[in-house]
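The values are calculated or read from the model by the stated rules, or taken from the named source; none is laboratory data. Worth saying up front: this structure is predicted, and the values here are computed from it rather than measured. Neighbour counts are summed over all protein chains in view; Cβ atoms, including those assigned to glycine, are modelled from backbone coordinates with ideal geometry. Ligands, DNA and RNA are excluded from the accessible area calculation, which covers all protein heavy atoms including side chains. Shrake-Rupley method; radii C 1.70, N 1.55, O 1.52, S 1.80 Å.
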Amino acid sequence: MELKQQAIEVLRTNNRNGYTVPTATGLYPAQWNWDSCFTALGLAQFDPPRAVVELETLFDGQWLDGMVPQILFRGDDSSYFPNASVWQAGPTGRSSGITQPLVAATVVRRLFEHSPEPAIRQRLIALVPKLLAWHRWCYRARDPHGTGLVSIIHPWESGMDNSPVWDDALNAVEPGPSVAHLRKDTGFAAADQRPTAPEYDRYINLVIRFRDVGYRLDRLYDISPFRAADIGFNAILQRANQDLLFLLAVSSDAAGATEIAVMERATGDAILRCWHAEDGFFYSVDARSGAVIRKPGIGGLLPLFADAAIAARYPRLVQRLESWLNDVTFAVPSFDPRRLEFEPRRYWRGPVWLIANWMLIDGLRRNGRPDLAERIRCDSLALVERAGFAEYFDPLTGEPLGGSRFSWTAAMYLHLSADTE
Ligand code: GLC
């Protein structure tokens, strides 16, 4: 069967009545926030109305305060830890109590611009007030002092769970009781491709602390022992701010646009302040101590996705990306391959993730580097052609890693094979 057809089959198998599970193996038996957004880009290639449903279902899970949770539990979640009975979060008790990168506005805009059909456009525009509420929540809950940079309170919110960028801040969190015996993920994917036991103990201890204060918007930021102004999360938010401004203009919501424009300016300036002139890279900041986290993760390249003037203003950033690529066979490793912390097979400590590649491809094109974008696009397709729709890939060997028949990898394959502009 042709590979595109196989990608469609993966998305069909992972379809659960209105939302798509990241993989049907049992590793992630629920709806994940940014997975659904990226998956919608792939669904749009063969079934645009279904792509809109994916987003509508995600926003059905939005909390009253505006947050759109990282996980929405909808079916049998017994193969996952921590499942709904551990989180006990949200109005219906069927979600996690934290969020994930706000990529949705970017996807909604993209679908809008590529869907001539009025009925689809109308449904996408109906999501705009919900997007606005989520962005508003993000600034209120995660930047209460108005710095322009929002903070994540759990590594899972970054979507790049065990990136070395979080090592020190996570180590400072009490581990709490060991949860090694409760973990289910290592039953589905090799343990050396997953986060470690000490990391998991801390992930869960954070969840318990948040649960103890009832996930209250006005408490979480202050009580969290983990607080990081993640450069990747902020860059994605900033891009989404711009795309939301476009959507607000289409919706004729002038008041909403004024509000987001203020946030967009503040975050744009704040991202530039994360540039580390000596190292020639964008870094995250530990928002509790104020210390710069001098660890070059792929999030530090994402300002390219947020701002079309980055390559011209900081040519060293693109040179850095090029030097990373010289050290691997397949673009783009999720962490600097020359650093000691680089592990080519372990989750976000080195492997290639196609969703990150897509953001860089898009950003490099906007930054006047279509050549480099094309190289990353070709590598992304080649990985799938060699190794299938794996969750992530070894940048040195191209080996498939983590879960198999993954929705966002199939979606990115469909999207990137059509997207040659
Ligand atoms: C892992 C990834 C995260 C993703 C989730 C579901 O937690 O780190 O980015 O959303 O799995 O695929």
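Of the helices (runs of 4 or more DSSP H) contained entirely in the stretch 328-421, those carrying at least 2 residues that are among the aliphatic types (A, V, I, L, M) and within 15 Å of the ligand (Cβ to nearest atom) fall at 354-366, 407-418. Counting the residues of the stretch 107-158 that are among the aliphatic types (A, V, I, L, M), outside any loop (DSSP other than H, G, I, E, B) and more than 16 Å from the ligand (Cβ to nearest atom) gives 11.
Given the condition among the hydroxyl-bearing types (Ser, Thr, Tyr), open to solvent by 10 Å² or more (accessible area, probe 1.4 Å) and not in a loop (DSSP other than H, G, I, E, B), answer yes or no: does some residue in the stretch 15-25 qualify? Before the answer, list the steps.
Just the residues of the stretch 15-25 that are among the hydroxyl-bearing types (Ser, Thr, Tyr), to begin with: 19-20, 23, 25.
Subset that is open to solvent by 10 Å² or more (accessible area, probe 1.4 Å): 19, 25.
From the residues that got through so far, the ones that are not in a loop (DSSP other than H, G, I, E, B) too are 19.
For the stretch 15-25, residues among the hydroxyl-bearing types (Ser, Thr, Tyr), open to solvent by 10 Å² or more (accessible area, probe 1.4 Å) and not in a loop (DSSP other than H, G, I, E, B): present.
When the stretch 192-214 is filtered for residues that are of a type in the set (Ser, Thr, Tyr) and assigned to a helix (DSSP H, G or I), the ones remaining, listed by number, are 200, 203.
Name the residues in the stretch 16-46 that are free of Cβ contacts under 8 Å to residues at least 24 places away in the same chain and either under 18 Å from residue 403 (Cβ atoms) or of a type in the set (Gly, Ala, Ser) (or both), would you?
36
The condition of being closer than 19 Å to residue 416 by Cα, of a type in the set (A, V, I, L, M) and modelled with pLDDT of 95 or more holds for only one of 41, 124, that being 41.
In the stretch 26-68, the residue that is surrounded by the most Cβ atoms within 10 Å (Cβ to Cβ) out of those that are within 13 Å of the ligand (Cβ to nearest atom) and hydroxyl-bearing (Ser, Thr, Tyr) is 39.
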